[in-house]
Amino acid sequence: MSERITFTLDDDGVGHVRLARPDKMNALDGAMFDALIEISERLATLRGLRAVVIAGEGRAFCAGLDMASFGKMSESTGPNAKPATDSTSTKTVNVTDLLPRTHGLGNKPQQVAWAWRELPVPVIAAVHGVAFGGGLQIALGADIRLVTADLKMSVMEIKWGLVPDMAGIPLMRRLARDDVVRELTYTGRVFSGAEAFQLGFATRVCEDPLAAAIEMARGIATRNPDAIRAGKRLLNQSHTGTDAELLMAESVEQQRIIGSPNQTEAVKAAMEKRAPVFVD
């Protein structure tokens, strides 16, 4: 992992991911893309992880794509792409186009946002300052978004003559009405955290989203981790499965959990009025 991201795992099992490029308002460049994918891959198999809080250091969550990176991208992708050159040498760099599915369902830029949806544990985004373009899409990849009222958000790709391409469309369509998604995509207008809550893009408006996110994550960490992970699997499937498939999925997940050691411990702890002790 590069200096672009910091990560700590606390004693409660909460993973703290911080975008750490405050001098650039945590704008996304190649190193940030790599770091976000690397940490998401690490978290996918990290033992003891119960929930994740993702936030940005400094005065913003993420200002979107770094414009220097955008300049390089515009030269090295698309129908008129030409070989890129490493800035530190004359070596030709192999540039992969956006069409190959290199990271599961998507490509590398899409995985930067979609990876949070695929993590087995809940992800809570604490969003302040600005969340523009790719920064907005990363926040939308989280299960829950806690925001400040004065936060500025935008589906900003249209400003640069582009469409959302970091999983923005599949993520937005799950949260807001079709006409709202279309309006924001076509106009790129900036909207506040308060409006984001009204539209469905924010879960809650808070004075201190980071403190609220950590408190929520620690609360989730006290619950049966098997049930939390099963709940996330079911909720992810709820957007694509039929009613029959979802009813069966509920039954499969519940049957797997009932009587398991962690479920039994949850019942005992509740009856004995003590903190549960769960195992991976």
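The values are calculated or read from the model by the stated rules, or taken from the named source; none is laboratory data. If you're wondering where the values come from, they're calculated on a predicted model, not measured in any experiment. Quick reminder, even Gly has a Cβ in these numbers, built from the backbone with ideal geometry, and neighbours come from all protein chains shown.
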In the range 18-36, is there at least one residue being crowded, with 17+ Cβ neighbours inside 10 Å, modelled with pLDDT of 95 or more and farther than 19 Å from Ala113 by Cβ? no
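Tally the residues that are in a strand (DSSP E or B) and among the hydrophobic types (A, V, I, L, M, F, W, C), restricting the search to the range 166-200.
Step one: of the range 166-200, the residues in a strand (DSSP E or B) are 191-192.
Cutting the leftovers down to among the hydrophobic types (A, V, I, L, M, F, W, C) gives us 191.
So the answer is 1.
Yes/no per residue for (1) within 10 Å of the chain's Cα centre (by Cα); (2) farther than 18 Å from Arg42 by Cα:
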| residue | (1), (2) |
| --- | --- |
| Thr102 | no, no |
| Gly106 | no, yes |
| Gln110 | no, no |
| Ala113 | yes, no |
| Ala126 | no, yes |
| Val130 | no, yes |
| Ala139 | yes, yes |
| Ile144 | yes, yes |
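On the basis of being surrounded by fewer than 17 Cβ atoms within 10 Å (Cβ to Cβ), at pLDDT 95 or above and in the same structural domain as Phe201 (by TED's automatic domain parsing), does Glu75 make the cut?
On the way: surrounded by fewer than 17 Cβ atoms within 10 Å (Cβ to Cβ): yes; at pLDDT 95 or above: no; in the same structural domain as Phe201 (by TED's automatic domain parsing): yes.
When the stated conditions are applied, Glu75 does not pass them.
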Going through the range 238-280 in order, the residues found to be among the polar types (S, T, N, Q) and within 23 Å of Leu46 (Cα to Cα) are Ser260, Asn262, Gln263
Residue list for the range 254-280, restricted to those being touching a Lys or Arg at 6+ places or on another chain (Cβ under 7 Å) and assigned to a helix (DSSP H, G or I): none
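Give the residue, chosen from Gly193, Gly188, that is in the same structural domain as Leu99 (by TED's automatic domain parsing), of a type outside the set (Ser, Thr, Tyr) and closer than 26 Å to Leu99 by Cβ.
Working: Gly193 fails: closer than 26 Å to Leu99 by Cβ.
Exactly one of Gly193, Gly188 is in the same structural domain as Leu99 (by TED's automatic domain parsing), of a type outside the set (Ser, Thr, Tyr) and closer than 26 Å to Leu99 by Cβ, namely Gly188.
From Ala230, Ala196, grab the single residue that is surrounded by 13 or more Cβ atoms within 10 Å (Cβ to Cβ), touching a helix residue (DSSP H, G or I) at 6+ places or on another chain (Cβ under 6 Å) and of a type in the set (A, V, I, L, M, F, W, C).
Answer to the check: Ala230.
Would you mention how many residues in the range 151-165 are buried (at least 23 other Cβ atoms within 10 Å of the Cβ) and in a helix (DSSP H, G or I)?
So the first thing to find is which residues in the range 151-165 are buried (at least 23 other Cβ atoms within 10 Å of the Cβ), and the list is 151, 153, 155-156, 164.
Filter once more, so that each one left must be in a helix (DSSP H, G or I): 156.
Looking only at that region, the number is 1.
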